[in-house]
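The values are calculated or read from the model by the stated rules, or taken from the named source; none is laboratory data. All figures in this text were calculated on a predicted structure; none of them were measured in a lab. Neighbour counts are summed over all protein chains in view; Cβ atoms, including those assigned to glycine, are modelled from backbone coordinates with ideal geometry. Just so you know, the surface numbers come from the protein's heavy atoms only, side chains and all, with ligands and any DNA or RNA stripped out. Shrake-Rupley method; radii C 1.70, N 1.55, O 1.52, S 1.80 Å.
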Amino acid sequence: MDFRKLEVWQKGIDLSLEIYKITRDFPKEEMYGLSDQLRRAAVSVPSNIAEGNARTSTKDYINFLNISIGSLLEIITQIEISFRLGYIKENDYEKVLSETEEINKMLSTIKRKLKTRMKK
């Protein structure tokens, strides 16, 4: 299946775009700090979904999904820090947390289905 048709990949792209928009307003001293870390983690989510989808091994695919989940947890941590520092508005904070939660649930569902398939 073409990874671009996966809803979870599309949501990962949307999350990345949202993070890029939010971090535009970060202080200049954060350009190579928190802003850069957030952007890298955000881009990692759909990138690892795509790479995992291209793997021929289900075990490899699951591994890449785990990396995507790890990147989501990085985003949650970094968004929390950004919010507490006053770099982002509460509505952006809530929106990103909601999006990461939704993507995390989707990735967990895909992983569970892949693991079930491996056992058969």
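Return yes when Leu17 is open to solvent by less than 60 Å² (accessible area, probe 1.4 Å) and at pLDDT 95 or above and no when it is not. Outline the logic, then answer.
Numbers: open to solvent by less than 60 Å² (accessible area, probe 1.4 Å): no; at pLDDT 95 or above: yes.
No.
Condition check ((1) in contact with a strand residue (DSSP E or B) (Cβ under 6 Å, 6 or more places away or on another chain); (2) closer than 21 Å to Glu18 by Cβ; (3) modelled with pLDDT under 95; (4) open to solvent by 70 Å² or more (accessible area, probe 1.4 Å)) across all residues:
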| position | (1), (2), (3), (4) |
| --- | --- |
| Gly52 | no, no, no, no |
| Asn63 | no, no, no, yes |
| Gly70 | no, yes, no, no |
| Glu74 | no, yes, no, yes |
| Ser82 | no, yes, no, no |
| Tyr93 | no, yes, no, no |
| Val96 | no, yes, no, no |
| Glu101 | no, yes, no, yes |
| Met106 | no, yes, no, no |
**OP:** Hey, can you tell me all the residues within region 12-45 that are of a type in the set (Lys, Arg) and under 14 Å from Ser71 (Cα atoms)?
**Re:** Arg39, Arg40
**OP:** Name the single residue, out of those in region 21-34 being open to solvent by less than 90 Å² (accessible area, probe 1.4 Å) and part of a helix (DSSP H, G or I), that is modelled with the lowest pLDDT.
**Re:** Glu30
**OP:** Considering each of Ile67, Ile62, Ile88 in turn, give the residue that is without any contact (Cβ under 8 Å) to a residue 60 or more places away in the chain, farther than 14 Å from Gly12 by Cα and β-branched (Val, Ile, Thr).
**Re:** Ile62
